[in-house]
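Trainee: Below you'll find the structure I mean.
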Amino acid sequence: MQQVKDTIKEVVFAVLPITAVVIILQSTLIGLPMEVFFQFLIGVVMVSIGLILFLIGVHVGLLPVGEMIGSTLPKSKKVWLTIVVGFILGFVVTVAEPDVRVLAQQIDDVSGGEISQMVLIYAVALGVGIFVALAMMRIIYNIQLKWLLLGGYSVVFMLAMFTPDTFIPISYDAGGVTTGPMTVPFILALGVGVASVLKGKTSSSDSFGLVALASIGPIIAVQILGVIYG
């Protein structure tokens with residue numbers, strides 16, 4: 001019950017500022033048609049209810065499952081299995097990420113269907129999956145995070161020279177939307193589970209940095225997609 005109360009409070013504090021700003025602008029400067037304004041208020045209520053239910057589901061089901069999977073995989077003593085499962089989980093959780101679907105839908109609309117919604121979603125998910133697998137390798141082989149970040153962003157900057165201009169902003173937006181409410185908790189929980197077994201509870205810092213790595217994958221994937229389309 002305390003978890004539900006904390007979630008409700010978190011959502012209210014998150015949604016209230018933007019709601020207050022829109023109400024103030026409506027009363028002073030903008031003056032939207034009342035029908036549109038009432039639709040906004042109804043949307044705020046529906047979004048708040050949806051976020052509350054979503055976050056409760058994340059805390060009740062997604063986080064424990066991710067951590068349990070992460071803590072169970074290393075016990076199999078099969079490195080390849082941990083890496084492959086990390087890739088698969090990174091891929092499927094990104095496909096389910098609401099932020100990725102919103103971005104893909106908007107790009108599909110703006111491009112008139114030239115950049116397909118599903119193609120973009122799968123490209124972003126593939127990038128996340130590959131870099132989650134690399135993150136698993138980092139934990140297993142004790143690779144320093146800075147080297148992976150340096151290598152990843154070096155590839156990003158090199159690909160930027162060959163990527164069409166229209167795809168460069170899309171690629172960076174793709175890296176941003178993967179830090180959404182579905183992907184981040186699950187990937188972090190997965191990393192915590194793996195690190196707690198391989199490195200012990202005192203090395204929980206090894207589970208962090210996964211989101212930073214996972215954000216590089218979509219940038220590279222969309223840039224490559226841009227080179228192909230270009």
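Trainee: Within the range 152-164, how many residues turn out to be surrounded by fewer than 16 Cβ atoms within 10 Å (Cβ to Cβ) and in contact with a helix residue (DSSP H, G or I) (Cβ under 9 Å, 6 or more places away or on another chain)? Before you say what the answer is, go through the steps one by one.
Mentor: Residues of the range 152-164 surrounded by fewer than 16 Cβ atoms within 10 Å (Cβ to Cβ): 153-155, 157-158, 161-162, 164.
Add one more test, that the residue is in contact with a helix residue (DSSP H, G or I) (Cβ under 9 Å, 6 or more places away or on another chain), and what stays is 153, 155, 162, 164.
Result for the range 152-164: 4.
Trainee: Continuing with the same structure: Kindly evaluate Asp109 against the criterion of being closer than 16 Å to Thr178 by Cα and either touching a Phe, Trp or Tyr at 6+ places or on another chain (Cβ under 7 Å) or modelled with pLDDT under 90 (or both).
Mentor: Numbers: closer than 16 Å to Thr178 by Cα: no; either touching a Phe, Trp or Tyr at 6+ places or on another chain (Cβ under 7 Å) or modelled with pLDDT under 90 (or both): yes.
No: the conditions fail for Asp109.
Trainee: Pull out all pairs, ordered by first then second residue, where Cβ-Cβ is under 6 Å, the residues are six or more apart or on different chains, the first lies in the range 131-157 and is under 21 Å from Tyr172 (Cα atoms), and the second is open to solvent by 40 Å² or more (accessible area, probe 1.4 Å).
Mentor: Ala133/Phe87
Trainee: Out of all the residues in the range 30-47, which are assigned to a loop (DSSP other than H, G, I, E, B) and either over 15 Å from Ala20 (Cβ atoms) or at pLDDT 90 or above (or both)?
Mentor: Step one: list which residues in the range 30-47 are assigned to a loop (DSSP other than H, G, I, E, B), which gives 30-33.
Answer for the range 30-47, where residues must be assigned to a loop (DSSP other than H, G, I, E, B) and either over 15 Å from Ala20 (Cβ atoms) or at pLDDT 90 or above (or both): Gly31, Leu32, Pro33.
Trainee: Moving on to the next point. Between a residue in the range 86-102 that is more than 17 Å from Ala133 (Cβ to Cβ) and any residue that is modelled with pLDDT of 90 or more and among the hydroxyl-bearing types (Ser, Thr, Tyr), which pairs come within a Cβ distance under 9 Å, given they are 6 or more apart or on different chains?
Mentor: As it stands, the answer is Val100/Thr94, since those pairs meet every condition given.
Trainee: Now a separate question. Any residue that is touching a residue at least 24 places away in the same chain (Cβ under 8 Å) and open to solvent by 60 Å² or more (accessible area, probe 1.4 Å) - is there at least one of those in the range 27-49?
Mentor: The answer is yes; a qualifying residue exists.
Trainee: Next question. Which one of these does Arg138 not meet: (1) out of contact with any Leu (no Cβ under 8 Å at 6 or more places or on another chain); (2) of a type in the set (Lys, Arg); (3) open to solvent by less than 70 Å² (accessible area, probe 1.4 Å)?
Mentor: Exception for Arg138: condition (1).
Trainee: May I pose another question? Restricting attention to helices (runs of 4 or more DSSP H) lying wholly within the range 92-184, give those where 1 or more residues are more than 25 Å from Leu55 (Cα to Cα) and among the aromatic types (Phe, Trp, Tyr).
Mentor: On the way: elements: 98-110, 117-141, 145-160, 167-177.
By residue number, 117-141, 145-160, 167-177.
Trainee: While we're here: Just to be sure, is Thr179 among the polar types (S, T, N, Q) and open to solvent by 50 Å² or more (accessible area, probe 1.4 Å)?
Mentor: Values: among the polar types (S, T, N, Q): yes; open to solvent by 50 Å² or more (accessible area, probe 1.4 Å): yes.
When the stated conditions are applied, Thr179 passes them.
Trainee: Right, next: Which residues, taken from the range 81-100, are within 13 Å of Met182 (Cα to Cα) and either surrounded by 18 or more Cβ atoms within 10 Å (Cβ to Cβ) or of a type in the set (A, V, I, L, M, F, W, C) (or both)?
Mentor: Leu89, Gly90, Phe91, Val92, Val93, Thr94, Val95, Ala96, Glu97, Asp99, Val100
The values are calculated or read from the model by the stated rules, or taken from the named source; none is laboratory data. Everything numeric here is computed off the predicted structure, so don't read it as measured data. Quick reminder, even Gly has a Cβ in these numbers, built from the backbone with ideal geometry, and neighbours come from all protein chains shown. Quick note on the areas: whole protein, heavy atoms, side chains included, nothing else; ligands and nucleic acids left out. Shrake-Rupley method; radii C 1.70, N 1.55, O 1.52, S 1.80 Å.
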